[in-house]
Amino acid sequence: MSIRSTKSYKVFMTPIVQANPIATAILGICSALAVTTQVLPSIIMVLAMTFVLSFSNVTVSLLRHVIPKNIRIIVELVVIASLVILADQFLKAFMFSVSKQLSVFVGLIITNCIIMGRAEAFALGNTPWYSFLDGLGNGLGYGYILVVVSVFRELLGSGTILGFQIIPQSFYEMGYTDIGLMVLAPGVFITIGLLVWAQNRYLGIEGHG
């Protein structure tokens with residue numbers, strides 16, 4: 001049996017490509033607006049989001065047979081909020097400068113509809129292993145979009161990546177100027193729009209192959 005035909009592979013890969021939460025479902029756009037002006041905060045946000053998403057899925061899956069239906073949303077919110085607090089406190093303890101850059105946005109992961117959506121749509125009906133893979137896949141699918149957007153925004157808007165100067169100073173001396181639009185909200189929408197188009201185009205070509 002090919003690894004690509006296994007359920008684990010499909011559960012993990014589907015949200016990265018075919019059902020990407022940002023490119024396909026247009027979810028999680030608020031964090032894309034907020035943290036993608038630089039690459040480093042975007043990477044940290046992705047790691048925090050993936051941690052919360054993966055382990056909230058696992059926890060909800062473990063509890064799925066004992067959670068009363070009438071309070072399942074409350075239980076899911078408590079689980080998610082607890083993991084968000086852990087992630088936020090870890091960043092404040094070990095990466096304080098990045099935590100300051102991210103400001104309240106790590107705390108607002110609890111409001112990200114991707115997390116609650118996966119808990120409701122997947123974790124409540126699947127085993128912990130598949131729920132973990134689903135959370136990991138959705139986190140990475142969400143994450144690669146954020147990182148790509150942040151690379152374009154920081155490079156074109158500031159001439160740097162991860163704080164290192166990429167566009168040579170000689171370009172500026174010849175009259176080149178950074179694209180200020182890229183550090184504003186329209187820059188996010190333009191970049192995400194191009195990524196959505198590229199991914200849909202790829203899937204369309206793949207589908208006809």
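The values are calculated or read from the model by the stated rules, or taken from the named source; none is laboratory data. Predicted, not measured: the structure shown is a model, and the values here were computed from it. Ideal geometry is used to build each Cβ from the backbone, glycine not excepted, and the neighbour counts take in all protein chains shown.
What to note about this one:
- Residue in segment 137-145 that is polar (S, T, N, Q), closer than 14 Å to Asn57 by Cβ and part of a helix (DSSP H, G or I) present: yes
- Considering the conditions (1) over 19 Å from the mean Cα position of the chain (by Cα); (2) free of Cβ contacts under 8 Å to residues at least 12 places away in the same chain, Asp178 is excluded by exactly one of them, (2).
- Sole exception among (1) crowded, with 17+ Cβ neighbours inside 10 Å; (2) at pLDDT below 90 for Val58, by number: (2)
- Test: residue in segment 77-84 that is more than 15 Å from the chain's Cα centre (by Cα), surrounded by fewer than 18 Cβ atoms within 10 Å (Cβ to Cβ), over 28 Å from Val188 (Cβ atoms) and without any contact (Cβ under 8 Å) to a residue 24 or more places away in the chain: yes
- Filter result for the condition that a residue is at positive phi and in contact with a helix residue (DSSP H, G or I) (Cβ under 7 Å, 6 or more places away or on another chain), over Leu195, Leu162, Leu181: Leu162
- Residues considered: Ser61, Ser99. Of these, the only one that is among the polar types (S, T, N, Q) and within 19 Å of the chain's Cα centre (by Cα) is Ser99.
- Picking from residues in segment 137-153 that are over 10 Å from the mean Cα position of the chain (by Cα) and surrounded by fewer than 24 Cβ atoms within 10 Å (Cβ to Cβ), the one that is nearest to Ala23 (Cα to Cα) is Val148.
- For the residues Ile114, Ile109, Ile44, the requirement of being in contact with a Gly (Cβ under 8 Å, 6 or more places away or on another chain), surrounded by 17 or more Cβ atoms within 10 Å (Cβ to Cβ) and of a type outside the set (Lys, Arg) singles out Ile114.
- Residues in segment 121-136 that are of a type in the set (A, V, I, L, M, F, W, C), buried (at least 19 other Cβ atoms within 10 Å of the Cβ) and either without any contact (Cβ under 8 Å) to a residue 12 or more places away in the chain or assigned to a helix (DSSP H, G or I) (or both): Ala123, Leu124, Phe132, Leu133, Leu136.
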